[in-house]
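Step one of this worksheet: look at the structure below.
The values are calculated or read from the model by the stated rules, or taken from the named source; none is laboratory data. Model, not experiment: these values are computed from the prediction. Glycine also receives a Cβ, built like all others from the backbone with ideal geometry; neighbour counts cover every protein chain displayed.
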Amino acid sequence: MKISVVIPVYNVAPFVRQAIESALAQPQVVEVVVVVDGSTDESWSVCQEVAAEHPQVKVFQHPNGANLGPSVTRNLGIEKASAPWVAFLDADDFYLPNRFATTETVVQDPLIDGVYEAAGWQFENEAARQRWIALKRKPHQLMTFKHRVAPEQLFEAMMLGTGGTFSLDGLTVKREALLRIGGFNPALRVGQDNLVKVKLAFHCRLAGGEIMEPVAMARVHDSNNVSGVRRPNERAETDTYMREFWAWGRQVMNAEQLGLLRKYFARYVMLSRRGWLAKRYDLTRLLVRWPRLATYPYFWACYGRDMHFIKRVWRRLTRWKSV
C-alpha cells in the first residue's frame, strides 16, 4: 500500500516537525505533501528544514504566499500527491506507530474506497484540558464510530449521529475518490472536513478500520479551533457551510435523503451553538427556512428546554403561511 500524507500548515511552527516525522515513520507512506497556507510564523522555514533532511517531504505554498484557507490548501495537496491513496494530518497533530497497519488489511477488498479509524486527544497543558471539560467534552473520548457500519449504511448513520464520528486524521481514501467528489469545497473555511466525509460516505464505500484504539492524536492547544476559541466570522462561516451543504444535497439526494439532511442540520446547529440567545436566534432562522423541521420528533428531542419557544415560533409560522 502506497500513501501520500497531505499536511496543511498554518502558524504551527512548534508542532509541524513532529507531525511530518510521525507520517514519515509509517512504512506505507511514500511521500508527505506539506502545503503552507500563508503562515506568518516560522512554519515555512521549519518545513523547508525537514524537507532538506527527508527527500520524501515535498513543501508547497500558494502563489505569493497567500492564505487561502484549509479547503484550497488540502486541494493543492491532493493535486500534488502521487500515491494512489491519500491520508490527511493536521500540522499540530501526529500519527501513532502502526498508523496504517489495520488500514492495509481492510483495503485488500478492492471495492473499498476508504477507511476511517479512531483518533484521540492530546492536551498541550492543563488549561487546555480544563477548557475542554468546561465545553462539556470528555477528554478520553475517541473520535470514532462505536460499532462497525456497513459502507452502504454509513451516510444514514452520519446524518442521524447514531454511531459516532471520525476525523480527517483517521481517514485514508483513494485519491481517485477524492477527485470524484471534487475535493474540498473552496468556499468553506469551517465544516469543509465534515462535508467531504459526508460526500465520501454518500458516493463511495468507506469501511471501518481500527475503531477501538486511536491511530492518531489531535492536539488541543491555546490557538486551534477545537480548543473552543471563537472566530470573529464564525456565524457567517457556519451559514456558508449549511448553505453549501444544502445546495449539494438538493443536487444529488432523493426526498428521503433530504429528510435525513434536515435532521442533521437540526443536530448540527444544536452542537455548534453555545449560548442561550445565539441558539434561539439560530432556531428561529432554521425554522423560517425549513418549517418542516418542527414536524420531526427528533428536532424537539434535540433542543430540550427550548421546546416551548420553538412551538411558539412554529404556531406563528403556521398562521403566517395560512394567511
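Here Tyr116 fulfils each of the conditions (1) more than 17 Å from Ala25 (Cβ to Cβ); (2) over 19 Å from the mean Cα position of the chain (by Cα); (3) of a type in the set (Ser, Thr, Tyr) apart from (2).
Criterion first (closer than 20 Å to Arg175 by Cα, in the same structural domain as Val16 (by TED's automatic domain parsing) and not small (Gly, Ala, Ser)) does Gln26 satisfy it? It is true that Gln26 is closer than 20 Å to Arg175 by Cα, in the same structural domain as Val16 (by TED's automatic domain parsing) and not small (Gly, Ala, Ser).
Beta carbons closer than 8 Å, at least 6 apart along the sequence or on distinct chains, pair a first residue in the stretch 191-202 that is of a type in the set (Lys, Arg) with a second that is surrounded by fewer than 22 Cβ atoms within 10 Å (Cβ to Cβ) and assigned to a helix (DSSP H, G or I) for Lys199/Trp248. Checked against (1) among the small types (Gly, Ala, Ser); (2) modelled with pLDDT of 90 or more; (3) in contact with a Lys or Arg (Cβ under 9 Å, 6 or more places away or on another chain); (4) not assigned by TED's automatic domain parsing to the domain that holds Asn67, Gly208 passes all but condition (4).
Tell me yes or no: at least one residue of the stretch 162-178 is touching a residue at least 60 places away in the same chain (Cβ under 8 Å) and assigned to a loop (DSSP other than H, G, I, E, B). Steps first, please.
To start, the set of residues in the stretch 162-178 that are touching a residue at least 60 places away in the same chain (Cβ under 8 Å) comprises 168-169, 171-178.
Still in the list and also assigned to a loop (DSSP other than H, G, I, E, B): none.
No, because not a single residue in the stretch 162-178 is touching a residue at least 60 places away in the same chain (Cβ under 8 Å) and assigned to a loop (DSSP other than H, G, I, E, B).
Taking the stretch 110-138 as the range and being out of contact with any strand residue (DSSP E or B) (no Cβ under 7 Å at 6 or more places or on another chain), part of a loop (DSSP other than H, G, I, E, B) and surrounded by fewer than 19 Cβ atoms within 10 Å (Cβ to Cβ) as the test, the residues that pass are Pro110, Leu111, Asn125, Leu135, Lys136, Arg137, Lys138. Of the residues making up the stretch 88-104, at least one is among the hydrophobic types (A, V, I, L, M, F, W, C), buried (at least 24 other Cβ atoms within 10 Å of the Cβ), at pLDDT 95 or above and over 18 Å from the mean Cα position of the chain (by Cα).
Kindly indicate whether Leu171 is crowded, with 18+ Cβ neighbours inside 10 Å and within 20 Å of Arg219 (Cβ to Cβ). For Leu171, the condition - crowded, with 18+ Cβ neighbours inside 10 Å and within 20 Å of Arg219 (Cβ to Cβ) - is met.
Only residues that are in a helix (DSSP H, G or I) and over 22 Å from Val190 (Cα atoms) were counted in the stretch 64-83, giving 2.
Test Asn11 against the stated conditions and say whether it is in the same structural domain as Asn194 (by TED's automatic domain parsing), surrounded by 15 or more Cβ atoms within 10 Å (Cβ to Cβ) and in a loop (DSSP other than H, G, I, E, B).
Details: in the same structural domain as Asn194 (by TED's automatic domain parsing): yes; surrounded by 15 or more Cβ atoms within 10 Å (Cβ to Cβ): yes; in a loop (DSSP other than H, G, I, E, B): yes.
The answer is yes for Asn11.
Would you mind stating whether Thr144 is at pLDDT 85 or above and under 19 Å from the mean Cα position of the chain (by Cα)? Yes; evaluated as a whole, the condition is true for this residue.
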